[in-house]
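The values are calculated or read from the model by the stated rules, or taken from the named source; none is laboratory data. This one's a predicted model, so the numbers in the text were calculated from it and none came from an experiment. For neighbour counting, all protein chains shown are included, and Cβ atoms are generated from backbone atoms with ideal geometry for every residue, glycine included. Accessible surface is based on the protein model in full, side chains and every heavy atom, while ligands, DNA and RNA are left aside. Shrake-Rupley method; radii C 1.70, N 1.55, O 1.52, S 1.80 Å.
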Amino acid sequence: MNKENKYKTLLIAAKVLIYKDVDDIANMANISRLIMEHFPNHWIGFYRVQADKLILGPFQGPIACTSINFGKGVCGAAWQTKQTQIVDDVHQHPGHIACSALSNSEIVVPCIRGNSVYAVLDVDSTELNAFDETDQRYLEELVTYL
Ligand code: SME
């Protein structure tokens, strides 16, 4: 199955899996796992905005940084700009926060309600150039289901 079709399948599953009457943590936990099952990657998970920081939320993968400041790293940039960040080579990216030495590229999608970012979805790959506009389009749609 090509990437686009895998995302279409993932989105159908996500719609069924996400419950509006539970808190974000429960849904983010299942969504992290769902993405991992469709697209095995090094690290997949959420950071949630809590006061003036992004705090580690549900994830799949190795232990990660607990707290990220506004505007810092790729996650903080997604929060600040309210725009998806695609980094083809994290080693060339000023400000990248290295939670794992094995990460080589990354996509971070802001989760927005109203006009505010309340979380970010971060996917890290051991491959360089792992993410493109297709990932961006489908992951941006996915987070609107939350
Ligand atoms: N690399 C991220 C930090 C989070 S970890 O990759 C899980 C960043 O630069 O914001």
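Annotations
- Here region 121-144 is the region considered, the condition is being among the hydroxyl-bearing types (Ser, Thr, Tyr) and open to solvent by 40 Å² or more (accessible area, probe 1.4 Å), and the residue that is nearest to the chain's Cα centre (by Cα) is THR144.
Matching residues to (1) assigned to a helix (DSSP H, G or I); (2) aliphatic (A, V, I, L, M); (3) in contact with a helix residue (DSSP H, G or I) (Cβ under 7 Å, 6 or more places away or on another chain):
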| position | (1), (2), (3) |
| --- | --- |
| ILE25 | yes, yes, no |
| ASN30 | yes, no, yes |
| ILE44 | no, yes, yes |
| ILE55 | no, yes, no |
| ILE68 | no, yes, yes |
| ILE107 | no, yes, yes |
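- Number of the exception - TYR118 against (1) within 11 Å of the ligand (Cβ to nearest atom); (2) under 22 Å from LEU34 (Cα atoms); (3) surrounded by fewer than 21 Cβ atoms within 10 Å (Cβ to Cβ): (1)
- Residue in region 57-72 that is near the ligand (Cβ under 7 Å from one of its atoms) and in contact with a His (Cβ under 6 Å, 6 or more places away or on another chain) present: no
- Some residue of region 90-104 being open to solvent by 40 Å² or more (accessible area, probe 1.4 Å), at pLDDT 95 or above, in contact with a strand residue (DSSP E or B) (Cβ under 7 Å, 6 or more places away or on another chain) and part of a helix (DSSP H, G or I): no
- Scanning region 76-86 for residues that are without any contact (Cβ under 8 Å) to a residue 40 or more places away in the chain and either part of a strand (DSSP E or B) or within 9 Å of the ligand (Cβ to nearest atom) (or both) gives GLY76, ALA77, GLN85.
- Identity of the residue in region 87-109, away from the ligand (no atom under 12 Å from the Cβ) and without any contact (Cβ under 8 Å) to a residue 40 or more places away in the chain, that ends up farthest from the chain's Cα centre (by Cα): GLN92
- Residues in region 8-35 that are open to solvent by 30 Å² or more (accessible area, probe 1.4 Å) and either small (Gly, Ala, Ser) or under 16 Å from the mean Cα position of the chain (by Cα) (or both): ALA13, ASP24, ILE25, ALA26, ALA29, ASN30, ARG33.
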